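Enquirer: Just passing along the structure, written as structure tokens.
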Amino acid sequence: MKQTLLSLLVLFNCLSVFAASRRGEVQVQPAFWWSGMEEQTLQIMLHGPGVGQSEVNVAAPGIAIDSIHRPANTNYLFIYLNLRGAAPQKFDIELRQGRRVQRVAYELRQRDHSVKAQGFDASDVLYLLMPDRFVNGNKDNDVVKGLREQTSGQEPDARHGGDLAGMTLALDYLADLGVTAVWPTPLQVNDMPSHSYHGYAITDYYQIDPRYGSNEDYCNFVRAAHEKGIKVVQDMVFNHCGSENFLFRDLPDSTWFNNRSVYKQTAYRIAAVGDSHAVEADADNAQNGWFVSVMPDLNQRNPHVLRYLIQNSLWWIEYAGIDGIRQDTYPYADRRAMAQWNEAVLREYPRFNIVGETWINHNVGVSFWQKNSPVAPADNNSQLPTVMDFPLMGLLNSCLDEPTNDWDKGLARIYEYLSQDIVYADPSRLLTFLSNHDTDRFARNEAQANQPHRYRQALTLLLTLRGIPQLYYGDELAMAGNKSKGDGALRMNFPGGFEGDKVNALTGENLPPLMRETHDFTRRLLRWRKGNEVIARGTLRHFAINQGVYVYARQLGGRTVTVILNGNDRPECLQLGRYAEVLPAAEATDVLTGRRIDLSQDCLQLGVRETLVLEF
Ligand code: CA
């Protein structure tokens, strides 16, 4: 031991200034890797003063240097190793500058076979939450020394203190509610001077924000979720990063960010990317303009950038065991590069799923971004399995506020929209939702929250139509929020997550009746849906609207679930004759109430805006 210490000391001395003072400063990403991955090449990024001027040597069995990339900034070195057949091992990367030698320790780990990369599909229900606003399980990490934002409070744009400890505490609540996957907004560090709580300005892609916990805490959270049958979908942001990210502060070269790494605003006109009439300037501005000035726009066309991002995804999947990815502002990134990213992730983890944020309000536009889209050029396939059904969100938020007619009002608009599903390559893989952290909540105000039929119909549609449903935290508690009052109004604290909360949804203490009823209705439907193969894989067949009532059925292997929604603000007696093919018995159970429903009469009496989910 003594001798080892002594030789280490001697080594340190020999390394002179370069090594002695810089050793601790060389940043290595990824910090480690694994043996036996499908992809045989590994990019190792070294970042430290003058590191790019080093000669590189790696002497390790089964490992060869494929190539070395030295960008203009000599503080970077990108080493590409060929790992074909390399066993798990520790080895040194030797950096030589004249007589000065520095050794950077590296490790290829053994892959473990714990539960990971399960993917998610229509049998799942995702629960979107914002960690800072969900549950504060550890008050000691609300403010962390050394980070740029040094306050915590209750202001809309401030850090509120929620964290991974709180998310872990809430897993029992989520499992009881009946969701099968959780999607937290990004957990990676946002060391920005302000507005760091939302997580979309990442300053180190390999580091969990210490205000949420450590990388290890994240792994433990994923493991704990898996033990309760809940998958984890990680929010990733490859279009842009925070301007305090070292990759921007100390640019490898000017090609790492779009517009030669100089701020140029995007006009957000992403429809131009798929528009056959669009002028090139608009399409170029959409993808190469920056989202905002403090979020530099990464250039995924630079192969070194793309490799860095691909590996970051693979690293989190393998390291933390996540099951899926939600990719932020998807159409703003380079389409062809992101297609390569999808292919690389799915080649490594075939069961995995990825959803891109495709915020476009019509089905042609959303379809354009889904893998194998019939409306996209065959030679420009996005390869993205799941896209977001923003048009359906818009309809669910407006159709229920108007009486239904047989053509173009109320539920007729949902019928009309779904009748166009042929535009989608795979409607069953659309992510469907009532709201998210960037939109009005489903209840835009207290008056809407107090119309129980509105939520009951919307949630029933969400959980029984095609697609992969996603809930937004608090919607199950009838929380109201309106974007006109700022983003903070959409991201209020979860009741019971913070010290001093009188109402506690986690324990059920002091829940007002509306919250309790909304929660219990949500829970009932979620628990019924969980494991229900008819809903997950069954066909969807719907009837044209008649008498202001929308009727559709999910069917699989002789089993039928029939949904009946009265879109009228008056009772209606529904003539049953035309629905015979989805009413296979004279009696059925209404899943929402447990009541037996007699279907033997000519007409079925429906209450004002009544909803029935009939199981035969
Ligand atoms: Ca905290």
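The values are calculated or read from the model by the stated rules, or taken from the named source; none is laboratory data. The model shown is predicted, which means the values in this text are computed figures rather than measured ones. Cβ placement follows ideal geometry from the backbone for every residue including glycine, while neighbour counts extend to all protein chains displayed. With ligands, DNA and RNA removed, areas are computed over all heavy atoms of the protein, side chains included. Shrake-Rupley method; radii C 1.70, N 1.55, O 1.52, S 1.80 Å.
Enquirer: Under the Kirkwood approximation applied to all pairs of distinct alpha-carbon atoms, what is the hydrodynamic radius of the range 535-602 in Å? Don't skip to the answer; put the middle values down first.
Expert: Working: mean 1/r = 0.0778 Å⁻¹.
One decimal place: 12.9 Å for the Kirkwood radius.
Enquirer: Could you go through the range 304-313 in sequence order and give the Karplus-derived ³J(HN,Hα) for each residue, using 6.51 cos²θ - 1.76 cosθ + 1.60 with θ = phi - 60°, rounded to whole Hz, and x for Gly and Pro?
Expert: Coupling constants for the range 304-313: 6, 5, 4, 5, 4, 6, 4, 5, 4, 5 Hz.
Enquirer: Let me ask something else. Against the longest alpha carbon principal axis of the chain, how many degrees, from 0 to 90 and to the nearest 10, is the axis of helix 513-529 turned?
Expert: That works out to roughly 80 degrees.
Enquirer: Roughly how many Å² of Arg335 are accessible to a 1.4 Å probe, to the nearest 10?
Expert: 10 Å²
Enquirer: As a test question: what accessible area, to the nearest 10 Å², does Asp112 have when a 1.4 Å probe is rolled over all protein chains in place?
Expert: 80 Å²
Enquirer: Moving to a separate point now. Rolling a 1.4 Å sphere over the protein heavy atoms, what is the accessible area per residue of the range 298-370, to the nearest Å²? Can you show the working numbers first?
Expert: Working: 1810 Å² over 73 residues.
The answer is 25 Å² per residue.
Enquirer: Ignoring ligands and nucleic acids, what accessible area does Thr611 show with a 1.4 Å probe (Å², nearest 10)?
Expert: 10 Å²
Enquirer: Once the dipole of the range 32-109 is set up with Lys and Arg at +1 and Asp and Glu at -1 on Cβ about the Cα centre, which of Trp33, Pro71, Val104 lies farthest towards its positive end?
Expert: Toward the positive end, the furthest listed residue is Val104.
Enquirer: Continuing with this model, one more query. Measure nothing but the geometry: give the 0 to 90° angle between the long axis through the Cα atoms of 215-227 and the longest principal axis through the Cα atoms of the chain, rounded to 10°.
Expert: So the inclination is approximately 30 degrees.
Enquirer: What's the longest piece of the chain with no exposed GluC sites (Glu not before Pro), counting a site as exposed if DSSP puts it in a loop and it has at most 11 other beta carbons within 10 Å?
Expert: Working: sites that count: Glu38, Glu499.
With a cap of 11 other Cβ atoms within 10 Å, the longest stretch comes to 39-498.
Enquirer: Name the residue from Pro210, Gly289, Tyr268 whose Cα lies farthest towards the positive end of the charge dipole of the chain, charges +1 on Cβ of Lys and Arg and -1 on Cβ of Asp and Glu.
Expert: In the chain, that residue is Pro210.
Enquirer: Now for a different question. State the percentage of accessible surface on the chain attributable to carbon and sulfur atoms; use a 1.4 Å probe and exclude ligands, DNA and RNA. Kindly include the intermediate steps, with their values, before the conclusion.
Expert: Details: 12430 of 24380 Å².
Carbon with sulfur: 51 percent of the solvent-accessible area.
Enquirer: Any idea what the dipole of the chain comes to, in debye rounded to 20, about its Cα centre with Lys/Arg Cβ at +1 and Asp/Glu Cβ at -1? Before the final figure, lay out the partial values.
Expert: Working: 61 positive and 72 negative charges, 244 e Å.
Around 1180 debye, computed over the chain.
Enquirer: Once you compute Rg and the Kirkwood Rh from C-alpha atoms, what is the Rg to Rh ratio for the range 103-179?
Expert: Values: Rg = 17.7 Å, Rh = 15.9 Å.
Result: Rg/Rh = 1.11.
Enquirer: Calculate the FRET efficiency for Gln420 and Gln207 from the Cβ-Cβ distance with a Förster distance of 51 Å, rounded to the nearest 0.05. Don't skip to the answer; put the middle values down first.
Expert: Working: r = 44 Å, r/R0 = 0.86.
Efficiency at R0 = 51 Å is approximately 0.70.
Enquirer: Here's something else I'd like to know. Dipole magnitude of the range 368-451 about its Cα centre, charges +1 at Lys/Arg Cβ and -1 at Asp/Glu Cβ only, in debye to the nearest 20? Spell out each step's value before the answer.
Expert: Working: 6 positive and 12 negative charges, 40 e Å.
About 200 debye.
Enquirer: Classify the range 283-386 from the C-alpha gyration tensor, please: rounded if a/c falls under 1.5, else prolate or oblate depending on whether a/b exceeds b/c. Spell out each step's value before the answer.
Expert: On the way: a/c = 1.63, a/b = 1.15, b/c = 1.42.
Oblate is the answer for the range 283-386, as a/c is 1.5 or above yet b/c matches or exceeds a/b.
Enquirer: With a probe of 1.4 Å, find how much accessible area the range 32-109 has per residue, and write the answer as a whole number in Å².
Expert: Numbers: 3360 Å² over 78 residues.
That works out to 43 Å² for each residue.
Enquirer: What's the local net charge at Pro30, with K and R +1, D and E -1, over the other residues with C-beta under 13 Å away? Intermediate values should be presented prior to the final figure.
Expert: Details: positive: Arg109, Arg307; negative: Glu39, Glu107, Asp204, Glu318.
Result for the local shell: -2.
Enquirer: Right, another one. Beyond 28 Å, how much of the Cα-Cα pair distribution for the range 178-326 remains, as a whole percent? Please list the in-between numbers first.
Expert: Details: 2904 of 11026 pairs.
Here the tail beyond 28 Å accounts for 26 percent of pairs.
Enquirer: Same structure, new question: Provide Lys485, Lys530, Lys139 ordered by accessible surface of protein heavy atoms (probe 1.4 Å), highest first. Show your work: numbers first, answer last.
Expert: Working: Lys485 160, Lys530 95, Lys139 120 Å².
Listed by decreasing accessible area, they come as Lys485, Lys139, Lys530.
Enquirer: For the range 536-615, with only Lys/Arg (+1) and Asp/Glu (-1) charged at the beta-carbon, what is the dipole magnitude about the Cα centre, in debye rounded to 20?
Expert: Details: 9 positive and 9 negative charges, 64 e Å.
Result for the range 536-615 is approximately 300 debye, rounded to the nearest 20.
Enquirer: Gain in length, Asp172 to His195, computed as 0.36 nm per residue apart minus the alpha-carbon separation, to one decimal in nm? List each step's numbers first, then the result.
Expert: Details: separation 23, 0.36 × 23 = 8.28 nm, distance 2.99 nm.
Between Asp172 and His195, full extension yields 5.3 nm more.
Enquirer: Further question: For the range 32-109, what class follows from the C-alpha gyration tensor (a ≥ b ≥ c being the square roots of its eigenvalues): rounded when a/c is under 1.5, otherwise prolate if a/b is larger than b/c, else oblate? Intermediate values should be presented prior to the final figure.
Expert: Numbers: a/c = 2.25, a/b = 1.66, b/c = 1.36.
Taking the square roots of the gyration eigenvalues as a ≥ b ≥ c, the range 32-109 is prolate.
Enquirer: Still on this structure: Set Lys and Arg Cβ to +1 and Asp and Glu Cβ to -1, take the dipole of the range 536-615 about its Cα centre, and tell me which of Asn546, Val582, Leu599 lies farthest positive.
Expert: Ranked along the dipole, the leading option is Val582.
Enquirer: Too long at a 19 Å Cα-Cα cut-off: which of Lys139/Lys228; Lys90/Lys116; Lys228/Lys530? The partial results should precede the final answer.
Expert: Numbers: Lys139/Lys228 25 Å; Lys90/Lys116 24 Å; Lys228/Lys530 14 Å.
Exceeds cut-off: Lys139/Lys228; Lys90/Lys116.
Enquirer: Calculated from DSSP H runs of 4 or more alone, at -39500 (n - 2.57) each and per residue, what is the 222 nm mean residue ellipticity of the chain, nearest 500? Please report the intermediate quantities before stating the final value.
Expert: Numbers: 18 runs with 158 residues, N = 616.
Estimated from H runs of four or more residues: -7000 deg cm²/dmol.
Enquirer: So for Tyr308, Tyr455, what's the accessible-area order with a 1.4 Å probe, most first? Show your work: numbers first, answer last.
Expert: On the way: Tyr308 5, Tyr455 25 Å².
Listed by decreasing accessible area, they come as Tyr455, Tyr308.
Enquirer: Take Asp590, project a point 7 Å from its Cα along the Cβ direction, then tell me which residues of the range 544-571 have their backbone nitrogen under 20 Å from it.
Expert: 546-554, 560-571
Enquirer: Still on this structure: Could you please tell me the mean projected area of the C-alpha convex hull for the chain, averaged over all directions and given in square nanometres to one decimal? Mind dumping the intermediate values first?
Expert: Details: hull surface 120.1 nm².
Taking the Cα atoms of the chain, their convex hull projects to 30.0 nm² on average.
Enquirer: Something else: Rounded to the nearest whole Å², what accessible area per residue is found for the range 497-608 with the 1.4 Å probe? Mind dumping the intermediate values first?
Expert: Numbers: 5410 Å² over 112 residues.
Here the residues of the range 497-608 average 48 Å² of exposed surface.
Enquirer: Using 0.36 nm per residue, how much length does the chain from Glu227 to Asn73 gain when fully extended, once their Cα-Cα distance is taken away? Each step should come with its number before you reach the end.
Expert: Values: separation 154, 0.36 × 154 = 55.44 nm, distance 4.57 nm.
Between Glu227 and Asn73, full extension yields an extra 50.9 nm.
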